[in-house]
Amino acid sequence: MTADTPRSEPLARTHEVTNQPPPLAGHDVAADPVLLEGLHREGAGWYEEDLHRVGRLAGSEEVQHWADQANRQEPELRTHDRYGHRVDEVEFHPAYHRLMDVAVREGLAGAPWADARPGAHVARAAGFMTWSTPESGHGCPISMTYAVIPALRTQPELAAQYEPLLTSRVYDPGLSAPLGKRGLLAGMGMTEKQGGTDVRANTTTAAPSADGSWRLRGHKWFTSAPMNDLFLVLAQAPGGLSCFLVPRVLPEGSRNTFRIQRLKDKLGNRSNASSEPEFDDTVAWLVGPQGQGVRTIIGMVAATRLDCVLGSASGIRAALAQADHHVRHRSVFGAKLIDQPLMRNVVADLALESEAATTLALRLAGATDRAQRGDAQERAFLRLATAVGKYWVCKRQPAAVAEALECLGGNGYDEASGMPRLYRDAPLNGIWEGSGNVQALDVLRALAREPEAVHAFAAEIEAAKGADARLDAAWEQARAQLTAAAAAAPGDVQFGARRLVESLALVLQGSLLVRHAPHAVSDAFSASRLTPDRGLAFGTLPDGLALDGLLARTPVGLRG
Ligand SMILES: Cc1cc2nc3c(=O)[nH]c(=O)nc-3n(C[C@H](O)[C@H](O)[C@H](O)COP(=O)(O)OP(=O)(O)OC[C@H]3O[C@@H](n4cnc5c(N)ncnc54)[C@H](O)[C@@H]3O)c2cc1C
């Protein structure tokens, strides 16, 4: 071949690309009927324009590139400087900082707590789901900053100092005196080597200091986003397990002792740093009463559990969007995959799961919004529904993502598709902030101790009474289980707790869909999830359903 031989012709003979879908980029991630209807229904219709702006950015090629970079070039720990002094810093790829900057600027961290508009928490929830679509790892510090406020408010003088900066829309990274920064981020340190679920086994100690502050000594086994500014940490004080606020940098500007021993080498969530810090004479301030550490930090945990549900619903939607896009463009045996009956069943079933997850997630966000404005019924509903939702939506995410990945065939196994990252990230929401069994046990606890939560949950389901006989029958069964469990000693019903929680989750999702979704959706849900004769894998919807109605609800653009 001479230098001036055109290269295109011989290349085209061996390298013609056909029947591959176009890249899924340059679209509006928020152009999703389920998300938008939920946004309006839960009281944040005023946010729609902003949500589309976030959605267009989230769907852009540039942000997809950021997501890829932030995960490929993982955070790096620098324990010491060149002279041997400890520095305990974590360096992130610039793409991570760009993702964080948008998240904070768009009000997805602490901002809703400073926003008096009804629906502010719903707007933030929809924004969080949308912005997590291209990259979920950086959502961890964003969630923790959102979640820290209710717990911090139990110590009003600390809240008065730090809340304005935690609710700020300025991303101001780097370690410097917190009150001199334009915006702060928060994290939490509960889990220790000998126990995460059982925090009573914490061995980190707290001793009072003459100036009213405290000194911590001990370790944590998981503390994510260690470059954040402030942490709520559990430690054993003389009066029992207590909650403390630990700053990375002390008020006068010197470093607090926060020795990062190493970063975790994780399955997924790779853009986010998760560390093992040690405390030694570490300065801290008490938050809430001594001995009430769990009760204090539970305000933070409850809010991060909501984010687990939002995050899992978002992960399911993201995977569905990829699968739906692929099957609408890829042909096999002379027809588009989407027109092959068995693939229609799979994608429609995934769309159904996604709609059920998103609808429940936004219902919880709406309840959070109304509860923090004083609605006691919504607060009671949340007590049970958050645990039920966290258990079920997070548990469905890995299965749904694996199925969506399979829709892309071999392409789905290729990193370039983005599916492997969605898959690696899928089990995480099920683990942190209380794993599946912990949620199931929490449901039993609420049943035994909080009758108003049971009443609020029942009222929610019964709002759909009479609209669908399958839902009514499933609720009757679940209510009988629930009543028996509430009357029994928790130890006697633990073995069957997952079955109970699963039933409660399905009737809750079913009732929400009967009330709010098109008939095609609620009918398919009842037929496939609320009858005894149901398939276990996705793609096992029974005959006779209006699949077009389900497939019109997928998130890539608004389909007619
Ligand atoms: C990527 C990542 C980041 C994290 N970041 C943080 C962080 O920033 N701060 C922080 O404090 N923690 C963090 N964690 C820790 C996480 O919250 C804990 O791992 C989790 O709460 C479980 O605790 P554990 O690992 O000690 O497991 P264990 O408590 O040992 O539980 C193991 C299993 O036993 C089950 N189990 C527990 N009790 C019971 C019971 N009574 N009956 C039946 N089953 C039971 C659990 O559901 C779980 O499946 C993070 C974890 C991960 C993976």
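I'd like the full set of residues that are away from the ligand (no atom under 11 Å from the Cβ) and over 19 Å from Gly110 (Cα atoms), limited to region 178-203. Break it down into steps so the answer makes sense when it comes.
As a first pass, look at region 178-203 and keep what is away from the ligand (no atom under 11 Å from the Cβ): 178-185, 200, 203.
Arg200, Thr203 - these are the residues of region 178-203 that are away from the ligand (no atom under 11 Å from the Cβ) and over 19 Å from Gly110 (Cα atoms).
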Out of curiosity, is Lys220 touching a Phe, Trp or Tyr at 6+ places or on another chain (Cβ under 7 Å) and within 14 Å of the ligand (Cβ to nearest atom)?
no
Kindly establish whether Thr130 is in a helix (DSSP H, G or I) and touching a helix residue (DSSP H, G or I) at 6+ places or on another chain (Cβ under 9 Å).
yes
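Here's the yes/no breakdown for (1) without any contact (Cβ under 8 Å) to a residue 60 or more places away in the chain; (2) farther than 17 Å from Leu384 by Cα; (3) open to solvent by less than 60 Å² (accessible area, probe 1.4 Å); (4) β-branched (Val, Ile, Thr):
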| residue | (1), (2), (3), (4) |
| --- | --- |
| Phe457 | no, no, yes, no |
| Glu460 | no, no, yes, no |
| Arg470 | no, yes, no, no |
| Ala474 | yes, yes, yes, no |
| Leu482 | yes, no, yes, no |
| Ala486 | yes, no, yes, no |
| Ala489 | yes, yes, yes, no |
| Phe495 | yes, yes, no, no |
Would you please list the contacts, defined by Cβ atoms under 6 Å and residues six or more apart or on different chains, that run from a residue in region 95-109 that is over 12 Å from Asp172 (Cβ atoms) to a residue that is aromatic (Phe, Trp, Tyr) and open to solvent by 10 Å² or more (accessible area, probe 1.4 Å)?
Ala95/Trp66; Arg98/Trp66; Leu99/Trp66; Leu108/Phe128
Please go through region 495-512 and pick out each residue that is in contact with a Leu (Cβ under 7 Å, 6 or more places away or on another chain) and within 13 Å of the ligand (Cβ to nearest atom).
Ala497
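I'd like to know if region 124-136 contains one or more residues that are in contact with a strand residue (DSSP E or B) (Cβ under 9 Å, 6 or more places away or on another chain), at pLDDT 95 or above and either β-branched (Val, Ile, Thr) or surrounded by fewer than 20 Cβ atoms within 10 Å (Cβ to Cβ) (or both). Write out each step before concluding.
Residues of region 124-136 that are in contact with a strand residue (DSSP E or B) (Cβ under 9 Å, 6 or more places away or on another chain), as a first pass: none.
No: zero hits.
Do the conditions hold for Thr359, that is, is it of a type in the set (Val, Ile, Thr), assigned to a helix (DSSP H, G or I) and more than 16 Å from the ligand (Cβ to nearest atom)? Spell out how you get there, then give the answer.
Details: of a type in the set (Val, Ile, Thr): yes; assigned to a helix (DSSP H, G or I): yes; more than 16 Å from the ligand (Cβ to nearest atom): yes.
So Thr359 passes the test.
Residues are listed down the side, and each one gets a yes or a no for (1) within 14 Å of the ligand (Cβ to nearest atom); (2) touching a helix residue (DSSP H, G or I) at 6+ places or on another chain (Cβ under 7 Å); (3) not small (Gly, Ala, Ser):
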{"position": "Asn269", "(1), (2), (3)": "yes, yes, yes"}
{"position": "Asn272", "(1), (2), (3)": "yes, yes, yes"}
{"position": "Leu286", "(1), (2), (3)": "no, no, yes"}
{"position": "Gln292", "(1), (2), (3)": "no, no, yes"}
{"position": "Arg295", "(1), (2), (3)": "no, no, yes"}
{"position": "Val301", "(1), (2), (3)": "yes, no, yes"}
Tell me, yes or no, whether region 368-375 has at least one residue that is under 23 Å from Ser143 (Cβ atoms), assigned by TED's automatic domain parsing to the domain that holds Arg41 and open to solvent by 20 Å² or more (accessible area, probe 1.4 Å).
no
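Condition check ((1) in contact with a Ser or Thr (Cβ under 6 Å, 6 or more places away or on another chain); (2) over 24 Å from Ala225 (Cα atoms); (3) surrounded by fewer than 15 Cβ atoms within 10 Å (Cβ to Cβ)) across all residues:
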| site | (1), (2), (3) |
| --- | --- |
| Glu61 | no, yes, yes |
| Trp66 | no, no, no |
| Arg72 | no, no, yes |
| Glu76 | no, no, yes |
| His80 | no, no, yes |
| Phe92 | no, no, no |
| Tyr96 | yes, no, no |
Among the residues of region 514-550, what is the count of those that are buried (at least 19 other Cβ atoms within 10 Å of the Cβ), in contact (Cβ under 8 Å) with a residue 60 or more places away in the chain and hydrophobic (A, V, I, L, M, F, W, C)?
10
Residue, surrounded by the fewest Cβ atoms within 10 Å (Cβ to Cβ), within region 137-146, restricted to residues that are under 10 Å from Asp307 (Cα atoms) and either within 11 Å of the ligand (Cβ to nearest atom) or aromatic (Phe, Trp, Tyr) (or both):
Cys140
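Do you know which residues across region 98-123 are outside any helix (DSSP H, G or I) and open to solvent by 10 Å² or more (accessible area, probe 1.4 Å)? Give the steps one after another, and end with the answer.
So in region 98-123, the residues outside any helix (DSSP H, G or I) come out as 106-110, 115-119.
Hits for region 98-123 are Glu106, Asp115, Ala116, Arg117, Pro118.
Within region 420-429, is there a residue that is outside any helix (DSSP H, G or I) and within 16 Å of the ligand (Cβ to nearest atom)?
Of all residues in region 420-429, those outside any helix (DSSP H, G or I) come to 426-427.
From the residues that got through so far, the ones that are within 16 Å of the ligand (Cβ to nearest atom) too are 426-427.
Looking through region 420-429, at least one residue is outside any helix (DSSP H, G or I) and within 16 Å of the ligand (Cβ to nearest atom).
The values are calculated or read from the model by the stated rules, or taken from the named source; none is laboratory data. If you're wondering where the values come from, they're calculated on a predicted model, not measured in any experiment. FYI the Cβ positions are ideal-geometry reconstructions off the backbone, even for glycines, and counts take in every protein chain you see. The accessibility values were calculated without ligands, DNA or RNA, using every heavy atom of the protein model including side chains. Shrake-Rupley method; radii C 1.70, N 1.55, O 1.52, S 1.80 Å.
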